[in-house]
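Only one structure is covered here, and it is reproduced in the block below.
The values are calculated or read from the model by the stated rules, or taken from the named source; none is laboratory data. Note that the structure is predicted; figures quoted are calculated from it, not measured. All Cβ positions, glycine included, derive from the backbone under ideal geometry; neighbour counts span all protein chains shown.
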């Protein structure tokens with residue numbers, strides 16, 4: 001088997017209208033297709049497709065699910081806009097030798113990575129340590145949120 005490309009990234013949601021407010025209103029994505037009587041909404045992002053869907057009990061949102069990384073033009077500006085709109089952060093912004101990242105959550109708790117690759121002249125060597133950094137950041141934020149709830 002040879003995988004040629006990513007066909008689409010699918011994100012399950014509980015309420016299409018609320019999810020559309022987030023993906024279209026907060027993330028400024030434009031609808032490229034709508035199917036299944038509005039239960040499946042697609043957005044073109046670069047050469048890829050991001051889909052949100054509410055298709056039944058067999059596919060539900062999870063805060064441990066989706067791992068889509070959304071490349072932004074201006075990282076600091078994007079973070080500011082997300083904060084201004086009250087979007088929850090599962091991992092606060094952090095820097096690796098090759099990029100900047102943060103993890104936000106949609107209204108159903110699905111995690112989305114906000115990502116900005118550094119220009120070649122600023123990029124250091126990426127030795128795949130960023131997943132460990134991301135895991136540490138997510139663990140620290142989960143611990144802090146747990147303490148705040150007590």
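Figures for the structure shown
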{"quantity": "Filtered residues of the stretch 19-45 (kept if out of contact with any helix residue (DSSP H, G or I) (no Cβ under 6 Å at 6 or more places or on another chain), in a loop (DSSP other than H, G, I, E, B) and crowded, with 16+ Cβ neighbours inside 10 Å)", "calculated": "27"}
{"quantity": "Breaking point among (1) on the phi > 0 side of the Ramachandran plot; (2) at pLDDT below 90, for residue 86", "calculated": "(2)"}
{"quantity": "Any chance residue 121 is at pLDDT below 90 and in a loop (DSSP other than H, G, I, E, B)", "calculated": "yes"}
{"quantity": "Scan of the stretch 92-117 for residues that are part of a loop (DSSP other than H, G, I, E, B) and under 21 Å from residue 27 (Cα atoms), ordered by number", "calculated": "106, 107, 108, 109, 110"}
{"quantity": "Residue count for the stretch 56-82, restricted to those that are surrounded by 13 or more Cβ atoms within 10 Å (Cβ to Cβ), modelled with pLDDT of 90 or more and more than 13 Å from the chain's Cα centre (by Cα)", "calculated": "2"}
{"quantity": "Residues located in the stretch 54-88, provided they are part of a strand (DSSP E or B) and under 18 Å from residue 25 (Cβ atoms)", "calculated": "70"}
{"quantity": "Flag if residue 50 is under 24 Å from residue 5 (Cα atoms), buried (at least 17 other Cβ atoms within 10 Å of the Cβ) and under 13 Å from the mean Cα position of the chain (by Cα)", "calculated": "yes"}
{"quantity": "Matching residues in the stretch 14-40 - criterion: being more than 23 Å from residue 78 (Cα to Cα) and in contact (Cβ under 8 Å) with a residue 24 or more places away in the chain", "calculated": "14, 15, 16"}
